[in-house]
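Values quoted throughout were computed directly from the atomic coordinates according to the rules given, and no laboratory measurement underlies them. Just so it is clear, the structure is predicted and the values come from calculations on it, not from any experiment. Here Cβ is always computed from backbone atoms with ideal geometry, including for glycine, and neighbour counts include all displayed protein chains.
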Amino acid sequence: MPRLLFVLLGAIAPVITACASPIRSTPSLPPPRTLGLPPGMAIGQPAPDDRTLPVVGGRADAAARSDGVITLETAIQRVLASSPDLAAAAEAVRAKEGDARQASLWPNPELIGEAENFGGTGDQENFETAEYTVSLAQPIDVSGKIRRRATAADYERRMSGWDYETTRLDLITSTRKAYADLVAAQRKVDLTNELARLADSLAAAVDARVQAGKVSPVEGTRIAVVKSAARAEALRAEQELSTARAALSALWGDASFPVGWAEEDSPAEAGLPPSETLETLLAGAPEAARWSDEIALREAEFDLARATTFPDVTASFGARRFAENDDYAFVAGLSIPLPVFDRNQGVIAAATSRRTETERRRAAFLARQRADFRAAYDGVRRAEISVRSLDERIIPAAQSVFSATTVGYQAGKFSLIDLLDAQRTLFEAQVQGVEARSELTKALSDLERLIARPVETAQSANTGG
């Protein structure tokens, strides 16, 4: 009998060792996209922390300089270190890793104790003729369900890694756009303060001319209105700056954290490669790359549904003691459910439909992704044209008109209305320039989010450089 036990264990052992998922050793996180990585780090290389999932509460405060000035790079570092959204995505990956470990485990054996032939009549009235049995029962996966279930769980684990990378890139893009809004708000504060200063200076000059009787007191009233409007404009710009700072600090999960003065980046020069060059990089975005794992997941779920058609076999083995003569004997059993009514038909049908659904959703996503790319690419081109037109023609022309009108007003050739109109035209052109440059930065951020890499690296990515 002991020899039989060893034979049974030897037969079951290969089945147990074959339950491991074929992708069990693959990492949960995909290779990081180059967008947001330190300069010089190529795709496929691990990040400085070896892609370890972040823990909120690190020393992210170092992202702000001691002088209170922040840069785009330090803002991104703080967001990635402190964002509750990214921390939640990391915990989701850990949860899926736990699910994957659980899915690969065999069911526990059962210890069964039995007593028979007692408490009856005649010779079975007491325990003198009773039989005592102690046995172990173990469900045995005969169709590979455990391995298939573990494979499906591992694909879900990998998909959570794609979700983590998607969240990381979304946070980087949101930070870049919020930072652009902050820089634009700062420039508007400078412009409105300059406008208010010019209004004060002009009001003083007009008041002097009114006192000297050179102009009508109506002009003094008019310039007082302009002066009040300039101050209101400056106050509104300060409020917009406060809102922009709150929006940036909210990205790292602490709206109360003070945001200092944002250091302006160098002028955004997109230098866009041809759209065909960038469009080939769409497949590297995590939203596109994850589809291969999702399709594999649906295939694994379908295989699991078919394997579940064959129920588990429960094998038992134990020893029995006969109280009547104190003899012992081994007992063995085999329980086989009969799939007469429930053959997992509904689950198989559902898995088949989900597999087809995933193929359809992937086709819809790819079409939508191409449309989004075209819109983003055209948006960058439009923003480039707007910035170039304002910087090269409109703002210089408005500045020239304002300077000439100022000189002419002092010489008595132009009226106060002409001067105020030239001043307002210049101010509006400068504000449009600030907004256009901010829109260019945000449009470029959206485009780079779609290809998951900076546009300046696109050419080298396509040539293998």
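Odds and ends about this structure:
- Database remark: amide H of Ile140 closer than 5 angstrom to the amide H of Val313, Thr314, Ala315 (H placed geometrically; neighbours at sequence offset of 5 or more, or on other chains; Pro and chain starts carry no H).
- Whole-Å distance, taken between Cα centres, linking region 176-205 and region 345-371: 52
- Relative contact order, percent, region 164-236 [alpha-carbon distance under 8 Å, six or more residues apart]: 34
- With viscosity 1.002 mPa s and temperature 20 °C, the Kirkwood radius over alpha carbon pairs of region 382-423 converts through Stokes-Einstein to a diffusion coefficient of 193 µm²/s.
- P(r) tail fraction, region 245-382 - alpha-carbon pairs more than 27 Å apart, %: 64
- Projected label distance in nm at Arg361 and Ile395, using a 7 Å step from Cα toward the beta-carbon: 4.6
- One compactness figure for region 309-362 is 2.23, namely its Cα radius of gyration divided by 2.2 N^0.38 Å.
- Taking the C-alpha atoms of region 68-158, convex hull volume expressed per residue in Å³: 164
- Dmax and Rg, reported as Rg then Dmax, of region 326-465 (C-alpha, Å): 34.7, 130
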